[in-house]
Amino acid sequence: MWKSIKIFLKLLKKSYQSWEKNGAYAKSATIAYYALFSLPSLLIIVVSIAGYFFGREAVQGRLTGEISEFIGEDTANAVETMIENAALSQDSTLALIFGLSMLIFGATGVFFQLKIAMNNIWNVAAKKTNFMRLVLDRVISLGMVFVLGLLLLIAMVISALLKMIAGEVENFFPDITGFMVNIANYGLSFIIITTLFAAIFKLLPDIKIRIRTTYVGAGLTAVLFLLGESAISFYFGQSSPGSVYGGASSVVLILLWVYFTCLILFFGAEFTVQYALLRKEKVVPNRFGEPAIYQEMEKLEQRKMELKDEKHILDRLKSHLDLDEKETSDSDKAQS
């Protein structure tokens, strides 16, 4: 047992070192910025998917309630306003098609950036992008949006079943019903969040990796996320970091929320890398990716050619300067 704990702590240490080395803070800030613009489109698609079965207002209310508990009622109201303002116009078919296209493009933007960050963590890079590859990346990103909607739908179905079962059990065990429902909800949250993170680790990077390996990293990420959720919620409640920004406080809190979530996500990805190395698992680029060093070598070759051109220009300038100096010297001698 102690050996397993020692190995786990060693994995955590290596993960943290790689996490810092790969610039997790800068990546998280970048994705938080993209997420701010993708959030309305992302939420309206997710709400529409789950709302098809449960009703749009019910799903939107559930989502707003969860956000309210986490980062405050004002921010939850701001998110609800985002969803309402992002609703598609039904005035004309052309407007609907254009609006839907922009909605999909906006919703997939944050996952597109996540893909780049995940590739960097695994030291792979996407091959030179053509139009079909760009479309495929957007399709994969859209698939992640649908996964979010599906998970929200599953969460609502199971939550409704738990409440129904709790109502029946309460007649026999009134004292423990609430406690058991809370435990079941935490277990449900853990399973859903783990599945989401495993999907991100499996589908976004341009690598071939076993789903079992991604679930190990996703499990740790889910634990850190749930712990971090409580810590961040407490921090937001006690210090109100967005209050100094006045009317923009809701936007700042959303940025901070996404920023901290990305920090946890990237640490989980680094842990997955270290775990795969420990297990000596063969992780290779898929047909759309290649080792990042190939592109680095190509850049070095291009830079080498640029330096040769620059040296040629400098040599020509130097020869002109030497010629001018010689002519000036000859002129001075002739005058003397």
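The values are calculated or read from the model by the stated rules, or taken from the named source; none is laboratory data. If you're wondering where the values come from, they're calculated on a predicted model, not measured in any experiment. Note that we place each Cβ from the backbone using ideal geometry, even for glycine, and neighbour counts take in every protein chain shown.
Of all the residues in the range 1-25, those that are at pLDDT below 85 and either of a type in the set (Phe, Trp, Tyr) or in the same structural domain as Val124 (by TED's automatic domain parsing) (or both) number 1. Residue check: is Glu229 loosely packed, with under 14 Cβ neighbours inside 10 Å, in a helix (DSSP H, G or I) and at pLDDT below 80? So Glu229 does not fit the description; no. Checked against (1) surrounded by 17 or more Cβ atoms within 10 Å (Cβ to Cβ); (2) closer than 24 Å to Leu253 by Cα; (3) modelled with pLDDT of 70 or more, Phe37 passes all but condition (1). When the test is whether a residue is at pLDDT below 85, of a type in the set (S, T, N, Q) and on the phi < 0 side of the Ramachandran plot, Ser28 does not pass it. Residues in the range 264-295 that are assigned to a helix (DSSP H, G or I) and either over 18 Å from Val216 (Cα atoms) or at pLDDT below 75 (or both): Ala292, Ile293, Tyr294, Gln295. Selection of the range 9-24 for residues being surrounded by 14 or more Cβ atoms within 10 Å (Cβ to Cβ) and part of a helix (DSSP H, G or I) yields Leu11, Leu12, Lys14, Ser15, Tyr16, Ser18, Trp19, Ala24. The set of residues in the range 19-52 that are basic (Lys, Arg) and in contact with a helix residue (DSSP H, G or I) (Cβ under 7 Å, 6 or more places away or on another chain) contains only Lys27.
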